[in-house]
Amino acid sequence: KMNLTNENTERKFVLLPAGTYQFTVADVKHKQSKAGKPMWEIQLDVDNPNGSNVYVFDYIVEQDNMAWKFGDFFKCIGIYHEGMSTDEMTKAVGEIGWVKIIVQPAQGAWDESNKVKGYVTKKSAEKKETAGGIDTSDLPF
C-alpha cells in the first residue's frame, strides 16, 4: 500500500545536459499522431553519467520524409538490413545504441525537456570525428 501523504512534493525530473549518450531501447509502441498519422513511440533508457538512468521518448511518424530517421535508428542499434520495414520495430526492444540528446527550451506550460536530435550511426560518428566534431574514442565501434 502506498502512502500518499507526500503527494504534493515536487516531482524530481532529471534533465540531461546536451550530448551523446548510450541507451537501451526500453519499449516501442505503435500509436497515432495528433494529426491522425501512424507513428512509433520509442522509449530510450539513457545512461546517465551521474547514476540513475533517464527515460527519453522519441516519436517517428510513418511517412516517406522520415524514412531516413527509421534507417538511422535501425543502423544505430545494429539491426538494419535491406528491405527492412517499420513492422520490425518491436525487434528493437533491448538493443543498445548511441543517441544525440538536446535540451528543448520551456514552451508555455511545459518545462524544458530532453529531445532526440538524432541517432549516432557508425558512419555519422566517423564523419564527425574526421571533421573535428565529437570524441568517438569511447564509442563501441
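The values are calculated or read from the model by the stated rules, or taken from the named source; none is laboratory data. None of the values given here were measured: they were computed from a predicted structure. Virtual Cβ from ideal backbone geometry, glycine too; neighbours counted across all protein chains shown. Protein only, heavy atoms only, side chains kept; ligands, DNA and RNA dropped before computing areas. Shrake-Rupley method; radii C 1.70, N 1.55, O 1.52, S 1.80 Å.
Conditions tested, residue by residue: (1) farther than 28 Å from Val14 by Cα; (2) at pLDDT 95 or above; (3) hydrophobic (A, V, I, L, M, F, W, C).
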residue: His30; (1), (2), (3): no, yes, no
residue: Tyr59; (1), (2), (3): no, yes, no
residue: Met84; (1), (2), (3): yes, no, yes
residue: Glu95; (1), (2), (3): no, yes, no
residue: Ile102; (1), (2), (3): no, yes, yes
residue: Ser137; (1), (2), (3): no, no, no
Practice problem: Inspect the range 37-53 for any residue being at negative phi, assigned to a loop (DSSP other than H, G, I, E, B) and open to solvent by less than 80 Å² (accessible area, probe 1.4 Å) and give the result as yes or no. | Solution: no
Quiz item: Any idea which residue in the range 59-98 is most open to solvent (accessible area, probe 1.4 Å), counting only those that are free of Cβ contacts under 8 Å to residues at least 24 places away in the same chain and in a loop (DSSP other than H, G, I, E, B)?
Solution: Glu82
Quiz item: What do you reckon, is Tyr119 under 14 Å from the mean Cα position of the chain (by Cα), open to solvent by 50 Å² or more (accessible area, probe 1.4 Å) and either at pLDDT below 95 or within 24 Å of Ser33 (Cβ to Cβ) (or both)?
Solution: no
Quiz item: Out of all the residues in the range 104-114, is one or more surrounded by 15 or more Cβ atoms within 10 Å (Cβ to Cβ) and aliphatic (A, V, I, L, M)?
Solution: no
Exercise. Among the numbered conditions (1) touching a helix residue (DSSP H, G or I) at 6+ places or on another chain (Cβ under 9 Å); (2) free of Cβ contacts under 8 Å to residues at least 40 places away in the same chain, tell me where Gln32 comes up short.
Key: (1)
Practice problem: Please name all residue pairs, on different chains or six or more residues apart, with Cβ atoms under 7 Å, provided the first residue is in the range 99-116 and is closer than 20 Å to Phe74 by Cβ and the second residue is acidic (Asp, Glu). | Solution: Val116/Asp58
